[in-house]
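Have a look at the structure below before the remarks.
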Amino acid sequence: MKFLERKKNQTESGQDSLAVSRRHFLQAMSAGGGLLIGSGFVSINAQAANNIPLGTNAPLESNAPRFNAFIKITPDNKVILVIKHLDMGQGVSTGLTAIVAEELDASWEQMDWEFAPADNSKYNNVFWGQMQGTGGSSSIGNSWAQLREAGAAARAMLVETAAAQWKVPAADIQVSQGVLSHGAHKATFGELAAKAALLPAPQKPVLKDPKQFQLIGKKVPRKDTFEKTNGTAIYTQDIQFPGLLTALVAYPPQVHGKVKKLDASKAKAAPGVIAVVEIPRGVAVVAKDFWSAQQARKLLQIEWDLSACESRGSEQLFKDCHAAAKKSGMVDKNIGDAAKVLASAKNVISAEYELPFLAHTPIEPLNCVIKFEKQYCELWYACQMPTVDQQQVAQTTGLKTEQVKINTLYAGGSFGRRACPNDYVVDAAAIAKQLPGKAIKMVWTREDEILNAFYRPMAVHHLCGAVTDDGKLLAWQHHAVAQSLFPGDKLDGSIVEGISDTHYAIPNLLVQGTEMDIKIPVLWWRSVGHSGNAFVMETFVDQLAKVAKKDPVIFRRELLAKEPRALGVLNLVAEKANWSKPLAKGVSRGISVHKSFGTWVAQVAEVRVNADNTFKVERVVCAVDCGVAVNPDVIIAQMEGGIGMGLSAALGEAITLKNGVVEQTNFHNYPLLRISSMPKIEVHIVPSAEMPSGVGEPGLPPIAGAVANALFAATGKPITKLPIGDKV
């Protein structure tokens, strides 16, 4: 069974970990490629690395010589990369593997991979300090130097071994496609691995000249395609242990609710039920299978205490946000004197925006398999934040962190949802602690997933701007109002990200933010604050361009004159979209440019507006500058995925509240974009020698603005509220 192989491939190596500042974590997530603490190349003693205890926790390739924390090479010439990041569909098993294969001069066919154990002493995200985790579009960026050095070090050890064995100069040895050669001498990596792994690893290995790259920049096949398309890839729901139980939790109808009174007698007597246990956030039914647990959950009689819950509806919340926006907020950026200039300017416009709560709705609802023993706890699931989860499971169960083993599996999507502290993993641990020795699969239904979500915050923006008589941007005043992801003594940066750090040259810019007190759980959603702020910025730019009587591309080009990478994507997308050429009757174009997580993306949307005011997005042209393009196929796929998800949110997604209760429950009233509504997408990559930055999130922020600007061009009516719906 493939899962058992994967399970054996996980190395048991828990370590004490540092406490995590949630604000620091958010800031690090938002920092993208800009906070490089160190490459963190981890060389380990080869003999110690190979001395792995055998047993149920031993890795499959326990006899494979290990060169460092990331690379093992088996006698049959297979190179195994230990991947420290979760695969949520973003393609780390291909991108990261290509980096190592490149420096090793390995063949793509001999490369394999496995998920790393939870161990932040070896597998920390080097952008975040001593914390292992995946997020902020950082997988490639924070691994780039680290894995290049790891691959180059292993190559040097193999070459040194061959040189000693053949008694020839190391510099004269050739390495290609996983084979070392010198004259008549020839050997595979696997033949030399046992001796080579015993050598001390060079601490400053020589890296390749990028001009010599054979794999990086090429469209190599994805490593996960086969098992994901033939059904052998293992997700949490696929796990079946002998005696594995299923747990469903009855959560209160509103987050922050608590059990006031419980009668579980009928549920406990239901067929297949093993136990009914209370946990801090609800009541769990544990049964022999999902059906039994689901039926028994309906029999629970619970009186909830909802006194601490939100009671306002969406309409009132937006009114309260608008009222706050009319007052002064916390100043986050102040250049020139925007207020004074706007007070006397002639060509002034203003706008008010509304953005709804959004749910992540990964296609695979949240779940977790866990087994707790008195001195041990083991979990199997799509773990996005191993350090945080390991700490919190330890705290919940009363164990030490090194007694908590996490086996990471594929994730059927996340978009930020699985990187949430104090959430479903903690609930699973609270259930397991009350049933020691029992393996339990905690399952959330789609309704559980939507009703107990941590949502992207709703937001209101009030803007005022002015241009000169000759069409130059003169002033911009912006007040963003939203619920804070992590309230503190300073303004939450996610509320104004993409606004305060705009690359548009604005001589008078005032950015303020206000954090709203709303009793709804919120969380980062794919691209965090950029997801909504880019829409606001880019549509207001088009409104100003209209006042300036300038073409939107020309207006942006002037504002980005000193930003060569921004101009690069702007000009490329305009060229590829034939911006200056006329369109078919009834079709209009809109453009949007935004930088997030170190990556520049520009998009042009072509939208057909029908006589009945319905519309369809027919084509999207995208240009991206993410530095070195490690794998163009993965980059294109991520742009396409980001555009699809952003378009889905722009057109139809919204979480609404009635008397504080979420009104949506499933996809019938929280509609995702269907394949039939997906536009034709063309992605163009700007050639670059810059350090690679993320692509998992930056494809999403511009699309709502591009579509809204196309509708603005068609109708003359600016779009200031999402979702747009299916009519204008």
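The table that follows gives values for the structure above.
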{"read-out": "Hits in segment 606-629 - residues which are among the small types (G, A, S) and farther than 24 Å from S137 by Cα", "value": "A611"}
{"read-out": "Check on F535, more than 25 Å from A308 (Cα to Cα) and either at pLDDT 95 or above or of a type in the set (A, V, I, L, M, F, W, C) (or both)", "value": "yes"}
{"read-out": "Looking only at segment 657-670, and only at residues there that are crowded, with 20+ Cβ neighbours inside 10 Å and not in a strand (DSSP E or B), the one that is nearest to the chain's Cα centre (by Cα)", "value": "Y670"}
{"read-out": "1 or more residues within 23 Å of D423 (Cβ to Cβ) and open to solvent by 40 Å² or more (accessible area, probe 1.4 Å): qualifying strands (runs of 3 or more DSSP E) within segment 230-313", "value": "258-263, 273-279, 301-305"}
{"read-out": "Options V630, V621, V607: the member that is in a loop (DSSP other than H, G, I, E, B) and over 30 Å from D448 (Cβ atoms)", "value": "V630"}
{"read-out": "Test: residue in segment 316-329 that is part of a strand (DSSP E or B) and either open to solvent by 70 Å² or more (accessible area, probe 1.4 Å) or touching a residue at least 12 places away in the same chain (Cβ under 8 Å) (or both)", "value": "no"}
{"read-out": "Exclusive hit being out of contact with any Asp or Glu (no Cβ under 6 Å at 6 or more places or on another chain) and more than 23 Å from F454 (Cβ to Cβ), set A343, A359, A324", "value": "A343"}
{"read-out": "Residue in segment 701-718 that is within 28 Å of N452 (Cβ to Cβ), in contact with a helix residue (DSSP H, G or I) (Cβ under 8 Å, 6 or more places away or on another chain) and surrounded by fewer than 22 Cβ atoms within 10 Å (Cβ to Cβ) present", "value": "no"}
{"read-out": "Candidates G513, G532, filtered to the one that is in contact (Cβ under 8 Å) with a residue 40 or more places away in the chain and part of a strand (DSSP E or B)", "value": "G513"}
{"read-out": "Residue match in segment 475-485 (condition: more than 30 Å from R417 (Cβ to Cβ) and of a type in the set (A, V, I, L, M))", "value": "yes"}
{"read-out": "Condition check for H461: closer than 18 Å to L355 by Cα, surrounded by 21 or more Cβ atoms within 10 Å (Cβ to Cβ) and under 27 Å from the mean Cα position of the chain (by Cα)", "value": "yes"}
{"read-out": "For A101: the one exception among (1) out of contact with any Gly (no Cβ under 8 Å at 6 or more places or on another chain); (2) assigned to a helix (DSSP H, G or I); (3) of a type in the set (G, A, S)", "value": "(1)"}
{"read-out": "Enumeration of residues in segment 435-455 that are open to solvent by 20 Å² or more (accessible area, probe 1.4 Å) and of a type in the set (K, R)", "value": "K438, R446"}
{"read-out": "Criterion (more than 23 Å from the chain's Cα centre (by Cα), hydrophobic (A, V, I, L, M, F, W, C) and open to solvent by less than 10 Å² (accessible area, probe 1.4 Å)) met by exactly one of A432, A411", "value": "A432"}
{"read-out": "Matching residues, segment 96-113, being acidic (D, E) and open to solvent by less than 10 Å² (accessible area, probe 1.4 Å)", "value": "E102, E103"}
{"read-out": "Every pair of residues 6+ apart whose Cβ atoms lie under 7 Å, when the first sits in segment 173-186 and is open to solvent by 40 Å² or more (accessible area, probe 1.4 Å) while the second is in a loop (DSSP other than H, G, I, E, B) and at pLDDT 95 or above", "value": "S176/D105; Q177/S107; H182/V168; H182/I173"}
{"read-out": "Residue satisfying condition, being over 19 Å from I83 (Cα atoms) and either aliphatic (A, V, I, L, M) or open to solvent by less than 20 Å² (accessible area, probe 1.4 Å) (or both), within set C377, C383", "value": "C377"}
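Listed here are the residues, each with its yes/no results for (1) modelled with pLDDT of 95 or more; (2) open to solvent by 40 Å² or more (accessible area, probe 1.4 Å); (3) in contact with a helix residue (DSSP H, G or I) (Cβ under 7 Å, 6 or more places away or on another chain).
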| site | (1), (2), (3) |
| --- | --- |
| C622 | yes, no, yes |
| L672 | yes, yes, yes |
| V686 | yes, no, yes |
| K727 | no, yes, no |
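The values are calculated or read from the model by the stated rules, or taken from the named source; none is laboratory data. On a predicted model such as this, the values are computed, not experimentally measured, just so you know. All Cβ positions, glycine included, derive from the backbone under ideal geometry; neighbour counts span all protein chains shown. Each accessible area value is taken on the protein alone, full model and side chains, heavy atoms only, with ligands, DNA and RNA left out. Shrake-Rupley method; radii C 1.70, N 1.55, O 1.52, S 1.80 Å.
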